[in-house]
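Everything below concerns the one structure shown next.
The values are calculated or read from the model by the stated rules, or taken from the named source; none is laboratory data. Note that the coordinates shown come from a computational prediction; the quantities given were computed from them, not determined experimentally. Because the Cβ atoms are built from the backbone with ideal geometry, glycine has one as well, and the counts that use them run over all protein chains shown. Each accessible area value is taken on the protein alone, full model and side chains, heavy atoms only, with ligands, DNA and RNA left out. Shrake-Rupley method; radii C 1.70, N 1.55, O 1.52, S 1.80 Å.
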Amino acid sequence: MNYYMWTVGCQMNVADSRSLADGLERLGYVVAAKAEGADIIVLNSCVVRQSAENRVASKLGALKTIKKLRPHSTVALMGCMVGADVFELHERFPHVDMFMSPQSFKPLLDVAEKRMARATSFEYTASAMPPTAYVPIIGGCDNFCTYCIVPYRRGREKSRLVSEIVREVESLVARGSKEVTLLGQNVDSYGHDLPDKPDLADLLETLNNVDGLARLRFLTSHPKDMSNGLIGSIARLAKVCEHISLPFQAGDDEILVAMHRGYTIDQYRNLVERIRNVIPSAAISTDLIVGFPGETDSQFEKSYALLEELKFDMVHVAMYSPRPETYAARKLINDVPPDVKKERLDRVEVLQEKIVTGISAKLLGTTVEVLVEGSKKGRWYGRTRTDKLVFFDDERDLLGHLVEIEVKKTGPWSLQGTVI
Ligand code: SAM
Ligand code: SF4
């Protein structure tokens with residue numbers, strides 16, 4: 001028996017898909033490369049922007065014929081497309097057998113178990129893990145940024161117990177993972193809902209002691225919640241990488257209020273300064289929305305100027321897209337014309353390419369530590385502690401190894417080098 005899984009969206013979705021795949025493999029299922037012919041077909045969806053939702057809808061549409069040809073296959077939709085009321089989804093996609101909200105895939109495992117029980121016996125061998133893995137530590141979000149659908153689809157914040165997270169990390173390491181990225185929509189608020197209130201710094205301290213684990217990362221941080229204690233822990237703990245994901249979303253205070261972000265640009269600027277003072281080598285990535293309702297040209301120019309000033313290592317820029325249920329979609333007018341949003345997005349991308357070209361160029365001739373994650377077109381690739389992608393050639397099997405690379409060539413999106 002086999003399963004096919006298609007995942008779009010954030011790292012949290014990737015982590016949820018991995019948990020479900022682990023569950024299915026434990027039941028004896030093997031992964032299939034295509035939906036055609038698979039016994040179980042799962043689409044893990046994202047609706048954070050309309051464009052993502054459109055991709056899911058077209059993929060779901062394509063499954064109609066597949067289900068017609070194999071009516072006994074089980075088709076399941078999970079992730080943020082599935083809200084509390086699935087009536088409309090049932091109407092639109094009658095060929096889908098199961099709708100499961102994010103992380104609630106137990107019903108599918110029950111069905112899978114029954115199907116397997118009717119089939120032959122099997123022997124389960126835990127598959128080897130890739131060198132890097134995602135581990136969710138807190139689900140949901142309490143922030144209700146006015147543009148964001150996540151709290152409506154993933155619910156309120158719920159932290160996992162430290163002991164449970166440690167067990168999962170140890171099991172990933174036992175199966176070959178060397179680097180773990182801890183996930184949460186707002187990872188800095190980890191633990192506030194647990195009885196003894198551990199925080200993210202405590203969790204990092206504990207995980208830093210896991211034997212065999214080489215690196216720890218976490219994302220996404222919220223500027224209003226990132227504490228000095230956490231910054232100190234990143235600096236102090238050997239396995240925690242100097243890489244922080246800190247979305248600013250807009251460079252104008254009025255827009256930040258309208259977004260309900262809970263900080264001003266001066267506070268954000270001070271936070272970046274504090275991080276860079278304590279961890280001079282820190283790489284900081286960010287998210288930015290252009291064309292939020294009411295964003296004027298001069299308000300956008302402030303976002304642009306902040307990018308020029310702070311020089312981020314990576315910028316995820318998106319055009320504002322109204323999302324059902326959110327405050328912005330209900331109460332604010334989506335008044336920035338699409339061509340203006342696109343022009344702002346293009347300007348950010350051109351600027352950012354120039355900035356990262358400069359940041360990368362400074363690494364020429366230096367030695368960087370790379371965790372080898374795989375090979376592409378005959379070349380090994382991996383990432384530095386600061387999340388820079390590096391390609392190099394070597395005859396040996398280096399998958400999962402930490403290697404020292406001398407950087408010989410730099411570009412905006414990757415580095416190239418040789419093993420020392
Ligand atoms: N929790 C993180 C934070 O506080 O920034 C990010 C999580 S959100 C799911 C991922 C990114 O999607 C956001 O940082 C934002 O830039 C973008 N995003 C969310 N809603 C959006 C919308 N309605 N239109 C455009 N981009 C959006
Ligand atoms: Fe969405 Fe804001 Fe929560 Fe991030 S912090 S998931 S942007 S509501």
### Message
Straight-line reach from Lys376: which lysines fall under 17 Å, measuring Cα to Cα and dropping same-chain residues less than 8 apart?
### Response
Lys388
### Query
To the nearest 20 debye, what charge dipole does region 367-419 have about its Cα centre, counting +1 at the Cβ of each Lys and Arg and -1 at the Cβ of each Asp and Glu?
260 debye
### Summary
Calc'd 3J(HN,Hα), region 70-79, phi into Karplus 6.51 cos²θ - 1.76 cosθ + 1.60 (θ = phi - 60°), Hz, glycine/Pro = x, comes to 10, x, 7, 6, 9, 10, 10, 10, 10, x
## Note on the structure
Probe 1.4 Å, all chains present, heavy atoms only: Glu353 accessible area in Å², nearest 10, is 80 Å²
### Summary
DSSP beta bridges in region 132-361: the antiparallel percent, rounded to 5, is 10 percent
### Query
Ranked from the most accessible area to the least, with a 1.4 Å probe and all protein chains present, what is the order of Arg215, Arg49, Arg383?
Arg49, Arg383, Arg215
### Query
Got the relative contact order for the chain handy, in percent, Cα pairs under 8 Å and 6 or more residues apart?
11 percent
### Message
Relative contact order for region 132-361: what percent, with Cα pairs under 8 Å and sequence separation of 6 or more?
### Response
18 percent
### Task
Could you give me the percent of Cα pairs per 10 Å distance bin for the chain, shortest bin first, beginning at zero and ending with the bin that holds the maximum distance?
4, 19, 28, 28, 16, 3, 0
### Query
Which lysines have a Cα lying under 28 Å from the Cα of Lys331, excluding residues fewer than 8 positions away in the same chain?
Lys224, Lys302, Lys341, Lys342
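Where does each of Asp397, Asp253 land when they are ordered by accessible area, with a 1.4 Å probe and the largest first?
Asp397, Asp253
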### Task
Taking amide H positions as placed in the peptide plane 1.01 Å from N, state which residues far from Thr74 in sequence (5 or more) or on other chains have amide H under 5 Å from it.
Ile40, Ile41
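Please compute the contact order of region 2-119 in relative form: average sequence separation of alpha-carbon pairs under 8 Å and at least six residues apart, divided by the residue count, as a percent.
In percent, rounded to a whole number, it is 27.
Can you say what percent of the DSSP beta bridges in the chain, counting only those with both residues inside, are antiparallel? Round to 5. Please list the in-between numbers first.
Values: 21 of 61 bridges.
Counting DSSP beta bridges with both partners in the chain, the antiparallel share is about 35 percent.
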### Query
Could you give the Stokes-Einstein D for region 367-419 in µm² per second, using the C-alpha Kirkwood radius, 20 °C, 1.002 mPa s?
202 µm²/s
### Query
How much of the DSSP beta bridge set in region 367-419 is antiparallel, as a percent to the nearest 5?
85 percent
### Query
How much of Lys342 can a 1.4 Å solvent probe reach, expressed as accessible area in Å² and rounded to 10?
90 Å²
### Task
Using just the helices of the chain, give the 222 nm mean residue ellipticity in deg cm²/dmol: DSSP H runs with n ≥ 4 each add -39,500 (n - 2.57), and the total is spread over all residues, rounded to 500.
-11500 deg cm²/dmol
### Task
At a Cα cut-off below 18 Å, give the aspartates and glutamates reachable from Lys59, other chains included and same-chain residues fewer than 8 away excluded.
Glu36, Asp39, Glu88, Glu91, Asp97
### Query
Going toward the positive end of the dipole of region 349-390, with +1 on Lys and Arg Cβ and -1 on Asp and Glu Cβ, which of Val356, Leu371, Thr386 do you reach last?
Leu371
